[in-house]
Each structure stands twice: as C-alpha cells, then as structure tokens.
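First comes the structure, then the notes that go with it.
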Amino acid sequence: MSMIEFKNVQKYYGDFHALHDVNLKIDQGETVVLIGPSGSGKSTLIRTVNGLEEIEDGQLLVDGFDLHDPKTDMNKIRKNVGMVFQHFNLYNNKTALENIMLAPRLVLGREEGENKRIAMELLEKVGLADKANNMPSALSGGQKQRIAIARSLAMKPKALLFDEPTSALDPEMIGDVLDVMRDIAKDSSMTLLVVTHEMGFAKAVADRVIFMADGRILEDNSTAAFFDNPTEPRAKKFLSQVERH
Amino acid sequence: MTLLEDHFSVFAQGFGHTLLASIIALIGSLVLGTFFAILQVTKSKWARGLGNVYVQIFRNIPLLIITLFFYLAVAKVIKMTGFTAGTVALTLYTSAFIAESVRAGILSVDPGQMEGARANGLSFAQAMRVIVLPQAFRVAIPSLGNQFINLVKNSSILAFVGGLDLMYQGNLVAANTFDTFATYIIVGAFYLIITLPLSYYIQYLERQLKQKA
Amino acid sequence: MEKAKKRRFGIIASIVLALVIVLGFFWASATISKNGKHQDTLTRVEKQGKINWGVKADTKLFGLMNTKTGTPEGFDIDLAKAVTKQIGKQTGKKLTPTFTPVTSASKVQLLKNTNIDAVMAVMTITPERAKVVDFSNAYFPAGQSLLVQKDSGINSVNDLNDSSKTVLVVVGTTAAQNIKKFAPKAKVIALQDYASAMQALKAGQGQAISTDNAILYGLATENPSYHVVGGTLTYGPYGAAFDHDEKPMVKQTNEALATLKKNGEYNRLIKKWFSGVPGLNWHELEVHG
C-alpha cells in the first residue's frame, strides 16, 4: 500500500507555477531522497505532504486521506506524519524534554509516566539525555536538530519528512544528525522522505532518489541506478556540480 | 485632611467602585483583546476582517462616546446602570488597544514556532495557547502594562454616567464642600494606590521574564 | 544580592516620588489660597472696567450657549448685563459685562481663584454655601420639583420613594439632599449637566429629574412627552454669589437689583424669558411694589 501518492498535482504561488503536474508514489517503509537545485520545488513538495502548503489541483493521498478535500482533518494526518525543519522550530518556551512530551500529551493523551519514559528513551537514542532540562537557547544547532527529530519520533509517526535538516548546521554538527537519521532509516518500518544535499547520506540509506527542477520531477530512479547512470542531462550536471563541491 | 476624614466613606465607596471596574475591565479586555488579536492572525479573510473592524472602531472613537452609547442607547434595550455601561465601554475600548499589543507580540514570534507545532500534530488553538501566546505575551508585557495603567485612569469615565467611582464621588464632595483642589488631590492619591503597585508589578514581571529568557 | 538591592531601591524610589507629588500638590494649593487674599472685588472690578460673570452654558432659559453665536443666552445673562450697567451708574464708572461658562462643581473654586468676579448661575442660596461665599438678595424665586414622563404614573415625590426608582440630579445642585429627605428609599444618581440628565431620563436610566422648577420647565418645552409634577418640594431662591467677605460688592449688587425691580426692567426680563413657557404661570414671577 502506498503511503504517499501525488496524482497530477499542481501548485501555484500567484503566477509562479511551483509544482508542475507532479506524479509520485511512495510505499510504506520506503526511504526516498529528494534532490535538486534550489528553487526546484522540493521544499514545496515535501511541505504539501503534511498540509503546510495547499495544492491547487490534482490529488494528494497521504495515509489514505485526500489532502485536497476540504473536509479532511489535517490534524489527523499530522498525527501520523512528522516533520523535521531546516531551522529546527523547537518550542523556545519549553525545555528539551517538554518539547518532546508536549504533542504526545496534548494530541495523543499519552499517560504522563509513559510519556516521560518514551521521551527519555528518545533523548538517549539521540545522545542528549543530559540535556533534558535545557532550554533550546542553551543548545547548539546540531543538538537542537536531534531534539527536533526526537520530538517527531515521540508521536510514533508512520511517515517522517525531513526538509533540509542539515543545511543550517555548522559542518562539524552534521555528522551527528545524519547518524541519527541513518539509525531511523535502518531500524524502522517508517516511510522517510528527505530533502537534502548530502549525497553520501542519499547513497547510503535511500531506496530511491527523485530529482526535481523547475517544479517538475525529472528523474525517479533506484539509488544505485541514479548515481551510477542518471538518464536526465540536468541530473548529470547537478551531480557533477554537487560532487565537485 | 479633615476633608478626607469627613468624607472617608464616600471616598472609600468610590475607591471600591473604581477598583472593581478596573479589575473587571482588565480581565475582560485581556480576554477580548487576545481573542481579537488571534482573529487578526488567522488565515481566514473573514476573521481577519472582523478583527480589524472591531479594533479600528473601538480604538478610534473617544471612550466617552462609547460610554454614552451604552448608557443612553444600549440601556434602552438591555437594562444597565451607569457603572455597568461605563465598565463595558472601558472593557471594549481597552480591548482594542490590547488586541494591537498582543497582535504585535504574536507577529514578533518566529512563524516557525506555529509551523513546528502544527507539524507536530497540535491544533491551531493548542499551538496558540501553549506555544505562541506565552512567547507573544513576553514581548507584549511592557505595552500591556501601559494599557492597564491607562485603563485604571480611564475608569474615571464612569463619573460621566453616574458610575459611583472615585471621580464621581470626588465631583460630589468638591461640589458640596467647594474645596475642589484638596478633593481632587485626595482623589488623585487614591488612584495612585491602584496604579503605583500595578506599574511596579509590571516592572517586576518584565525583570522576571528577562531573567528567564 | 545585586537584584534585591535594586528592587529595594525601586520600591523606595517610587514611594518617595509619590510623596513628593502629593506634597507638591499641597504646597501649590497652600500657595494658591494665600494668593487668594486679594484686593476686594469692587475695587478690582472698577479698575478693570468690567465684571466677569460665571454663568451656566447648559441651562435652558437661564444660561444656554447659543452654538451659532458662541455666546450664552438666558435670564441670568440678561440680568447680569443689567446689573453690571446699573452698578456702573451707581459708582460712576463705565462697566461692561463678560461671561465665563462655569459648572456647578467649578464655580466656587473659580471665584476663590479670582478667575471670575461673580456668579449668576442658577445658584440656590443655602446656609452652608453662605459660609463659603457671599450671596446677594434673592433674584429669582425657584423651588425644587420633578420632571417625569407623562404616562409614567408618577405624580409626586412619594411615588419615587422606592428602591426600584432612580432620581437623576446634576452634580453640585442642592437637589440630591432634598430627594434623600423626601424619598429616602430612592436611588440618586448625579450627572454632569442638564443635557446629560435629560438624555439619561430618556434612556430609562432614571424615572425623574429633580431640580428647580424653572429649569425643568425649560427641559419640558423641548421634550413634550415629559411634564413637571409634584409642586415644589422646597423653596430655594437664586442669588448672585461673590467671594467671601465682599460686602461693598454685595451692597452695590443689592442696590442694583432693587432699582431694576422698581424700574420695571426686571419684569421685562421675566416676561421675555418665561412668558412662553407652557405650564408656568409667569405672572407669579413678576414683582410688584
């Protein structure tokens, strides 16, 4: 069963055609990396999946819900689809632990003891158990992003979206965050959709790579096929630029 | 000072009414103002329009006119005393200013906070209440403090509609004793009893929040 | 430690500031009352060549601002003009009248501060007031009465003696005390002026306005569905008022009033202002002698 399915999806910002007839199917448990030059529409695409951006035309099915249907309750979808942002978006008025425990408490009504146990486990998993009571302002960028990932995982989502999770980090912080992401990809049946420029990460964990430019999907291929022998000339050019970099 | 002794019960009654009107209007205007501030930052065009019209109307009409409107016009339909009419008018008038302060506070909060909360599964209302508003109020506190102090002073509008407040009682005492000057000094001192602790408390809150941040 | 010190400093500073403000006010008020020991009113008036009268601007028939001309008009105004002219004749000095609108609450303070020289503003002569100001002889025989809606069923002050009834009065008038005497159960609400009181009566904020009958007749002419009832509760004639202990000025004024009553000028003004008022027997107001 497919977790995420785009059918002829169109998205506009005024006159600007941000998503151009997008067709895409991602199955449960798949890890898909989305790459492309900036302004190609990859962030827009990933943000439509949990309704942060609305689509103008076509059909977008997530976990069986039709996102274009105004009757669809977005909160139900978001309960099952987490998201990690480029700028972390941790709750500035809550401690690291509270950041993780808040949504399970308010949205899932998880029992407080259980909630705390799960949150502490997740902090352990991302290597920040000692920072449980720190406010976000007292954390480094890499630490913030690992807390943000733990916050998403606490909801036990079916799918997790990563929108350039390492782009705002200092180089020495990137490794820790990628390690956490690698673990998630390895040991779960979660569907992952990742927008990133980290080609090493893509090669190592992705089942599929999707290449976008100018709001269109130009190539959708298995990881090995994409990196060894991209069919699309613009994808070739992009890869050579990224790898030279 | 014999003036104060002779008319102490009158001043005390006025002080009680001023204090009561101030407390009711403070709570009411904070709730209403926050509500209309939130309306103005929603996605719905209708809600934004409604919030904006409310704020523009009550912010841009003199308080006296709003008060007289309730005392003379609305009271024909819904029975209300001068005290009620004045307190309602004071609440609505102040809420428009508070809505602006709170709205500015909300806009100063990184939009990523709301986005993060929504993506995390929280509803708009939950995200507002738990994440955005606490951060917005921290920013808005100095300007809210000004509004609250103005509110206490503006409660003297009750005197115009027989609201039994400090200013009303002061007018009566002044008219009866002809000691206008001393009377209004006493009235002014009674206002200080409310406004000084209030403004000191607001400064204290500001310092507390600065330490926390 | 540092913070506790700062906080204590803040508390002390605000208390000191409050004290300084209050003491400052007292000092200012003391200074003003000292300055109040001014030269006598008649001397000042003669030197200035004018009498500055404090008059009402919101009271129909007595002193009402004509919004077109920006000058007040009414019986008080005309009488003040006539008295000024007469005092001028008596003292052999040329005197002109000027007018300053006053409220019930402000008129005495303005007299004390010498912002105005005299008050001719529907001011009832009472013993308490006479301790603070000097009154001339009575110039108008007013009595307190009630204005109610015609179909209200209220015919006298007894009908108002009920806690569900509210009587509207104007700040600084003697009406409130009398209502408390005659209808002790009624609520009394004081408003700023007669226009506000009339609006409040129409809005149902009270069941009656109580003040001098002559003023109520003025309100009734403009509002035909209201009428004056209950006769007069008290007799409370109006007098012109001056600062305390101004015997020469009072004497001149009393002389002037007597002359105006004798020479027919007073009756002419009574006819001018009160002959057209329905329900009022204006001939009773005329003086004969």
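The values are calculated or read from the model by the stated rules, or taken from the named source; none is laboratory data. Just so you know, these numbers come straight off a predicted model, no measurement behind them. Counting neighbours? That spans all protein chains shown, and the Cβs are built from the backbone with ideal geometry, glycine included. These accessible areas exclude ligands, DNA and RNA; they are computed on the full protein's heavy atoms, side chains included. Shrake-Rupley method; radii C 1.70, N 1.55, O 1.52, S 1.80 Å.
Could you give every pair whose Cβ atoms fall below 7 Å, whose first residue belongs to the range C:182-198 and is more than 9 Å from chain B (Cβ to nearest Cβ) and in contact (Cβ under 8 Å) with a residue 60 or more places away in the chain, and whose second residue is buried (at least 22 other Cβ atoms within 10 Å of the Cβ) and of a type in the set (Ser, Thr, Tyr), counting only separations of at least 6 or pairs across chains?
As it stands, the answer is C:Tyr194/C:Thr59, since those pairs meet every condition given.
Can you name every one of the strands (runs of 3 or more DSSP E) wholly within the range A:20-100 that holds 2 or more residues which are more than 9 Å from chain B (Cβ to nearest Cβ) and modelled with pLDDT of 90 or more?
A:31-35, A:57-62
Filter the range B:100-118 down to the residues that are aliphatic (A, V, I, L, M), within 13 Å of B:Phe137 (Cβ to Cβ) and open to solvent by less than 50 Å² (accessible area, probe 1.4 Å) and list them by number.
B:Val102, B:Ile106, B:Val109
Counting only residues that are part of a helix (DSSP H, G or I) and open to solvent by 30 Å² or more (accessible area, probe 1.4 Å), how many does the range C:68-122 have?
Residues meeting the conditions: 8.
Can you name the residue in the range B:155-167 that is open to solvent by less than 10 Å² (accessible area, probe 1.4 Å) and assigned to a helix (DSSP H, G or I) and is also farthest from the other protein chains (Cβ to nearest Cβ) among such residues?
B:Ser155
Residue check, B:Val152 against (1) in contact (Cβ under 8 Å) with a residue 60 or more places away in the chain; (2) facing chain C (nearest Cβ under 8 Å), all met but one. Which one?
Result: B:Val152 fails condition (2) only.
What is the number of the single condition among (1) within 20 Å of A:Arg47 (Cβ to Cβ); (2) open to solvent by 20 Å² or more (accessible area, probe 1.4 Å) that A:Ile210 does not meet?
It fails just one condition, (2).
Quick one: count up the residues across the range C:249-289 that are at positive phi and open to solvent by less than 40 Å² (accessible area, probe 1.4 Å).
Number of matching residues: 1.
Given the conditions (1) out of contact with any strand residue (DSSP E or B) (no Cβ under 6 Å at 6 or more places or on another chain); (2) in a loop (DSSP other than H, G, I, E, B); (3) open to solvent by 20 Å² or more (accessible area, probe 1.4 Å); (4) closer than 30 Å to C:Met249 by Cβ, report the number of the one that C:Gly172 does not fulfil.
Status for C:Gly172: all satisfied but (3).
Give me the residue from the range C:123-153 that is out of contact with any strand residue (DSSP E or B) (no Cβ under 6 Å at 6 or more places or on another chain) and aliphatic (A, V, I, L, M) and, out of that set, surrounded by the most Cβ atoms within 10 Å (Cβ to Cβ).
C:Val132
Given (1) of a type outside the set (Gly, Ala, Ser); (2) in contact with a strand residue (DSSP E or B) (Cβ under 6 Å, 6 or more places away or on another chain); (3) within 30 Å of B:Ser156 (Cα to Cα), identify the lone condition not met by C:Thr234.
C:Thr234 satisfies all of (1) of a type outside the set (Gly, Ala, Ser); (2) in contact with a strand residue (DSSP E or B) (Cβ under 6 Å, 6 or more places away or on another chain); (3) within 30 Å of B:Ser156 (Cα to Cα) except (3).
Filter the range B:174-187 down to residues that are facing chain C (nearest Cβ under 8 Å) and open to solvent by less than 30 Å² (accessible area, probe 1.4 Å) and give me whichever is farthest from B:Ile141 (Cα to Cα).
The selected residue is B:Phe178.
When you look at A:Phe227, is it of a type in the set (Phe, Trp, Tyr), part of a helix (DSSP H, G or I) and either modelled with pLDDT of 90 or more or open to solvent by 10 Å² or more (accessible area, probe 1.4 Å) (or both), yes or no?
yes
Please list, ordered by first then second residue, the pairs with beta carbon atoms under 9 Å, 6 or more apart or interchain, first in the range C:74-94 and within 16 Å of C:Lys251 (Cβ to Cβ) and without any contact (Cβ under 8 Å) to a residue 40 or more places away in the chain, second assigned to a helix (DSSP H, G or I) and polar (S, T, N, Q).
Qualifying pairs under 9 Å: C:Lys89/C:Thr259.
Looking at the range B:119-129, which of the residues that are of a type in the set (A, V, I, L, M) and not in a loop (DSSP other than H, G, I, E, B) is most open to solvent (accessible area, probe 1.4 Å)?
B:Ala125
Out of the range C:177-194, which residues are assigned to a helix (DSSP H, G or I) and open to solvent by 60 Å² or more (accessible area, probe 1.4 Å)?
C:Gln177, C:Lys180, C:Lys181, C:Phe182
Mind telling me which of the residues A:Ala138, A:Ala119, A:Ala129 ends up being open to solvent by less than 10 Å² (accessible area, probe 1.4 Å), more than 21 Å from A:Arg47 (Cβ to Cβ) and free of Cβ contacts under 8 Å to residues at least 40 places away in the same chain?
Only one candidate qualifies: A:Ala119.
Per-residue answers, yes or no, for (1) at pLDDT below 90; (2) within 14 Å of chain A (Cβ to nearest Cβ):
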site	(1), (2)
B:Gly105	no, yes
B:Ala127	no, yes
B:Leu172	yes, no
B:Leu198	no, no
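To keep it simple, each residue is scored yes or no on (1) at pLDDT below 90; (2) in contact with a helix residue (DSSP H, G or I) (Cβ under 7 Å, 6 or more places away or on another chain); (3) closer than 21 Å to C:Asn52 by Cα.
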position: C:Leu111; (1), (2), (3): yes, no, yes
position: C:Thr126; (1), (2), (3): yes, no, no
position: C:Gln144; (1), (2), (3): no, yes, no
position: C:Val167; (1), (2), (3): no, yes, no
position: C:Tyr194; (1), (2), (3): yes, yes, no
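State which residue is farthest from C:Ala82 (Cα to Cα) when the search covers only the range C:39-63 and only residues that are in a loop (DSSP other than H, G, I, E, B) and either open to solvent by less than 50 Å² (accessible area, probe 1.4 Å) or of a type in the set (A, V, I, L, M) (or both).
C:Ala57
Name the single residue, out of those in the range C:154-169 being open to solvent by 30 Å² or more (accessible area, probe 1.4 Å) and not polar (S, T, N, Q), that is nearest to the other protein chains (Cβ to nearest Cβ).
C:Lys165
Anything in the range C:163-174 that is within 16 Å of C:Gln205 (Cβ to Cβ) and in contact (Cβ under 8 Å) with a residue 24 or more places away in the chain? List them, or say none.
Correct list: C:Ser163, C:Lys165, C:Thr166, C:Val167, C:Leu168, C:Val169, C:Val170, C:Val171.
Filter the range A:135-174 down to the residues that are at pLDDT below 90 and more than 16 Å from A:Phe85 (Cα to Cα) and list them by number.
A:Pro171, A:Glu172
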